[in-house]
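The values are calculated or read from the model by the stated rules, or taken from the named source; none is laboratory data. This structure is a prediction, so every number in the text was calculated from the model and none was measured. Cβ coordinates were reconstructed from backbone atoms using ideal geometry, including for glycine residues, and neighbour counts include every protein chain displayed. All accessible areas refer to the heavy atoms of the entire protein, side chains included, with ligands and DNA or RNA removed. Shrake-Rupley method; radii C 1.70, N 1.55, O 1.52, S 1.80 Å.
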Amino acid sequence: MVNRQNPPRKSMERALAEAEIPRNEAPPELLRELVAHLRQNRTQLREEWLRRIAETRLLTAMTKEEIFAEATSVYDSYVEALETGTFEALQAYARNLSERIIPRGVETHEVIGIVLLLRDVLARSLFAKYQADSEKLNRILDAYEPAANRIANTVAVGFVQERERVIRQQQEAIRELSTPVLQVRERLLILPIIGVIDPQRARQLTEQLLRGIRTNRAKVVVIDITGVAAMDVTVANHLVQTVEASRLLGATVIVTGLSPEIAQTLVTIGVDLGKMNTVGDLQGGIEQAERLLGYKVVPLSDSREAD
């Protein structure tokens, strides 16, 4: 009988490995008969499946037309996988489908849900067709269920892999936005840091800053950590290394916005703050940077009097 319980979550590789069904376990004539039944009743079974999808309120982020088009493609791919016993085309389609619907807000449970619904709709049609011949029904189900389970695994794994790829891209984009290297003047960069700095973000910060120094041929960099409440010893050491690495590239680093807590951490790890160029706030840091670059800071009132 068809098991309607979702399987426990496993690693993607293990799920696929356990779903491997030898092609010769199912007699060819049974598979041919099964595939012929699904093709002959394609319209009716697809409509029943679409009705069940609507009843369970899955894929609500998509229009009815979009659901119909995708359901048709999924159904045909499903039947093709049953007929050929190969799943490469289905895997490719699952990835392609995931690329299209993940940006629409479709969740993993929805994709798994519609595939399991299709599995059950097709199984019910087999029960109805062969209810008078229990022996043949059992043989048909023995041919259908292993392949149907593997199809469900294939689609689910493809969707999860694509979703994880999208999440990684989004996380990378967020990290890029959270540590922007800004060019304020020629040869002057500002790196405002806000939020928690963990070792991974500290490494990314250093990479972005050094890349920015080289690309913009910067001579002075202002690192503002006003928005950083605290940092541990590991990250504090990384900050010191970032300052030293920037110096090796020919850039002077001015650190602004040091809190008493962060200053205490730097002292604890043995950093001589006398050797680190620090200024109280960002405005003072920019003014000092401009002096180092040879710009003359003129008060606004003086410039008006000159006019």
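Express the carbon and sulfur contribution to the solvent-accessible surface of the range 89-209 as a percent, rounded to the nearest whole number, probe 1.4 angstrom.
Solvent-exposed carbon and sulfur of the range 89-209 make up 51 percent of the total.
Highest first, please rank the peptides 229-240, 113-124, 151-162 by the mean number of other Cβ atoms sitting within 10 Å of their residues.
151-162, 113-124, 229-240
Name the residue from ILE193, TYR130, ILE167 whose Cα lies farthest towards the positive end of the charge dipole of the range 120-216, charges +1 on Cβ of Lys and Arg and -1 on Cβ of Asp and Glu.
Of the listed residues, the answer is ILE193.
Show me 69-79, 194-204 ranked by packing, highest mean number of other Cβ atoms within 10 Å first.
Values: 69-79: 17.8, 194-204: 14.9.
Output ranking for 69-79, 194-204: 69-79, 194-204.
How large is the dipole of the range 167-264 about the Cα centre if only Lys and Arg carry +1 and Asp and Glu carry -1, each at its Cβ, rounded to the nearest 20 debye?
Dipole of the range 167-264, to the nearest 20 debye: 460 debye.
By how many nm would the segment from MET276 to GLU66 grow when fully extended, if each residue of separation counts as 0.36 nm and the alpha-carbon distance is taken off?
69.6 nm
Using θ = phi - 60° and the Karplus form 6.51 cos²θ - 1.76 cosθ + 1.60, what ³J(HN,Hα) does each residue of the range 112-128 get, whole Hz, x for Gly and Pro?
Running phi through 6.51 cos²θ - 1.76 cosθ + 1.60 with θ = phi - 60° gives 4, x, 5, 5, 5, 4, 4, 4, 6, 4, 5, 5, 4, 5, 5, 4, 5 Hz.
If you count only protein heavy atoms with a 1.4 Å probe, what accessible area per residue comes out for the range 78-181, rounded to a whole Å²?
Here the per-residue accessible area is 47 Å².
Assuming a ≥ b ≥ c are the square roots of the Cα gyration tensor eigenvalues, decide whether the range 160-262 counts as rounded (a/c under 1.5), prolate (otherwise, with a/b larger than b/c) or oblate.
oblate
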